[in-house]
Structures are given as C-alpha cells and as structure tokens.
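Just below is one structure, and these are the notes that go with it.
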Amino acid sequence: MTARLREAVPSCYLALCLVLGGSSSGGVLANAALQVFGLLILVFVALRKPLRIVQAERQLLLLGAGVVVIGLVQLVPLPPSIWVHPPGRSATINGFALLNAPLPWLPISLWPAATLSQLSAMVPPFAMAIIIFVGGSQSLRLFAWTLVALAAASFLLGFAQLAGGRESPLYFYLVTNREQLVGFFANSNHLATLGVVSLPLLAALTVNDGGDFTRRPLAGNIGKWAAMACLAGFIMLGVVADRSIAGLLLLVPSVIGSFVLLRVENARIALPVVAGLLAASAAIFVVIAFQSPLLNGLGSTDLGTGATSRTEIFAHTYLAIIDFFPIGSGLGSFLLVYPSYADNAAASEFYVNHAHNDYLEVLLETGLAGLCLVALFLAWWVRQAFFAWREGGARARFARAASIATALVMAHSLVDYPLRTTAIMVLFAACCAIMTRPLSTVTSQLFAEGAKRERGKMVIADA
C-alpha cells in the first residue's frame, strides 16, 4: 500500500460509515457490509509488519477489548446450577416450569443473538481506531475535511428531505423521523450530533489551513476564513433547523469550544478556559434537558411524562437495572427486557428501542463490569484530554478538537443513544484515536532523543 493510499483509508472508511451506518436497527445489510470492510482492514493490518503502538493507544484498544470480553463471557453456556442464581432470571425459570420442561444450559445473556450482533458491531470502530493509529499527520487533515464535508452534505440532504414532504423518497430508512431533517441517518438527533461534532474539527482545520489569526494578518487568509465561516454557519443553521433539543443545547458548548480552539494557542491558558466553559455548558445542558418544560414542542425530544418521555424511560430502566445488577441482562437485550417494566396501559404507536441514555443501558446490560469499564474509559479520556491541551503543534490541535467532539457525544449520550449507530460509534472511535496523537508524538520524540544519546555514547566509546 502506498503512503498516499494509506493516508486516504481513514477518510474513505469514515465516508462509508457515515453514509451507510446511520441507523441502529435499520440498514442491516449496510451495517453488515461495513463490518465486513472493517474486518478486511483489520486482517490487512495484521498481515503487514507488526503494529507499533504507544501506551495510550494500547490502553484504548484494551478498553474496547474489554467490551468484547464481557460479551463473550455472556455467551458462554452455563449449567442450570449456575445461571439460575444471578438476579433477573426468575421469569426464565418460571417459563420452563410452566412448560414442565427441565432447565437447559443457558448463557448469562437473555438474548444471545442480540449480544452476538453487538459484538459484530464492534468491528468498525476497532478498524477505524487502527487505521488512525497507522496513518500519518496528513491523514488527520483529510479525515477532518471528509467529516466536515459529509456533515454539510447530510444537512443539505436533510433540507431536500424536508422540501419533499413526508413521503419524500430521499429518506434512507423506513422507520425514521418524517418531516424532519435526518440526512444520512434515521434519527434527527443523530444528525444533530454529527453537526455539533464537526464544528470543532472545522475550527482545527481553519487554524491549520487558514492560518492562526492570533499570529498572522487576517487579510492574507480572508478567502479561506470566509469560506470556512460560511461552512460553519450552514452547519449551525442545519442543527437549528433539525429541531433536536439535544442538538440545540449542545450547539452552545460546541461553538464555545470551537472558538477557544481558534483563539487560544497557549495551551496552558486554554486548558482551564476550555474546562470551565465546557463544564458550565454541560451543567446548563443537563438542567435544561431534564427540567425545562419550555422546550416542549420546539424539538423532537419528549421531555414530558408520557410513556415515551425520557423521564419515564429512565425510571423504568432504573427498575430493570436494580433487578439485574450486578451481572446484567446481556449486551443488546434492552429491547427484550424493557417491555416487562414499561407501563402497558400507556402504550402508543411509538416503541422504546433504547434507554435513550447509553450509560443506563450499559449498566442494565453489562452490570458492574460495564460500570467499571465506563469509569476506566472516563479516566483515560481525562488524561488524554489533558495531554491534548498541554501539547502544541498541528497534531495536538486536532487532538484538542477530538476531545471537544468526544465530550459532546458523551454529553448527548445522557439523553439519547448516538453510540448505538455505526456512524457515530466509528466517528467517536476515530476521535478517541486522534486524542492519542500528542502523546504518540511526545513518546516518539523521546525515543528519538534517547537513540541519539546512545549513538553519541557509542561514538565516544569508540574514540
């Protein structure tokens, strides 16, 4: 593989994932194709020379492997003397008792097929992380431009969908938010996620390609800055027109983080500024998302007290967590477990396919093991974000943008399930991989300096 082709692989795979992986339940064949492509990428990388990764990259891969291990353990068939003891299995035991049938060997997962599906869904993010690791500096720039271009294209498609009406043939999925902007996605909230995440990467590109306006005359780069400002304005307009409450609220920290990324080059000043502004924005986001009745009717998210409102879904999911903790019900089993806890008397034409809170859903499906894994990932993220804002250079600039992007996805995961779609999951994995770049650069420099010192010692010894 030539160097130029290797640089383009992350962008090409991202484009495929954003266009084809926009639904968590629809687009089965498209998601399967992305998994096959991801598997081919992993096999190709494995057959080449050994992958040389640094500690931060290794830790990220181990965290992803932890999810796979949990899923595999949940699929191991166990004798009745063992699987009847974990909490939440009484309904299964009673079912066999009603059939007057002996208890068979069963896995921990209540829905093994869904658990296997969740494990296969891990292939694309693994593949994306690996090709980010092996890519060069130029691949980051190309990756960011691909993301921004596809975000704008997705909003452009969304406006066309809106103009075409409810039965527009431009909607990709049968089950989708009709008469709303969804673009390449099935859910308008996930299009909003793509929009707010693309803005920090666009800011990094602006400084990288258009020049730092804190150090260079603005007049010399006025054309590039104007074009990028128009692109950012169009994406922000798309997020507002999307009518996603989460998107509207997350647009604030996205714009603030992007502005700080543009304005501040001194990392020691930028770190407390970014941390304070994003923390304040996150607090406002949580308060408004859970408490404000003023937003009802503005967006597509239900903040009321109906059967499909966030508060009701969270309450029912919490009851299920209590029943299945600490073992969990199995990856992907939410759709099987939740109806037993929902209010059937308040049933409507809408169904609840996810907890609309990725943290609660992980806790339900994986129990204590998943909780520990999330805590370890958050600790890893904080450490990498610190390195990203402490170091300088182009790589650190993209890593800073990636830290803002991942923070936005994690915040959105409090009230939705963006990481359940292949598109956002792959984008999140890519940004996490980009966050390892400052530490990779520093480590490489240390290795190089160490090698020079050793060579110097050898020369002196020979003399």
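Listing for the model above:
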item: Rg in Å to one decimal, and Dmax rounded to a whole Å, for the range 1-125 via C-alpha atoms; result: 19.9, 65
item: Value in Å of the Kirkwood radius, where the range 60-130 supplies the Cα pairs that are averaged; result: 13.8
item: Amide proton proximity set for L78, modelled H, under 5 Å, gap of 5+; result: L106
item: Burial order of peptide ranges 186-196, 244-254 (average beta-carbon count within 10 Å, highest first); result: 186-196, 244-254
item: In nm, spacing of pseudo-spin labels at L99 and S120 (7 Å Cα→C-beta vector); result: 2.4
item: Loop chymotrypsin sites (Phe, Trp or Tyr not before Pro), the range 83-113 (other Cβ atoms within 10 Å of the site Cβ: 14 or fewer; DSSP); result: W105
item: Under Karplus coefficients 6.51, -1.76 and 1.60, residue-wise ³J(HN,Hα) of the range 16-23 in Hz, glycine/proline x; result: 4, 5, 5, 7, 9, x, x, 9
item: Percent accessible area from carbon and sulfur atoms, the range 1-127, protein chains only, probe 1.4 Å; result: 73
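The values are calculated or read from the model by the stated rules, or taken from the named source; none is laboratory data. Being a predicted model, the structure only gives us computed values, none of them experimental. With ideal geometry, Cβ positions are generated from the backbone for all residues, glycine too; neighbour counts draw on all protein chains shown. Heavy atoms of the whole protein, side chains included, go into the accessibility calculation; ligands, DNA and RNA do not. Shrake-Rupley method; radii C 1.70, N 1.55, O 1.52, S 1.80 Å.
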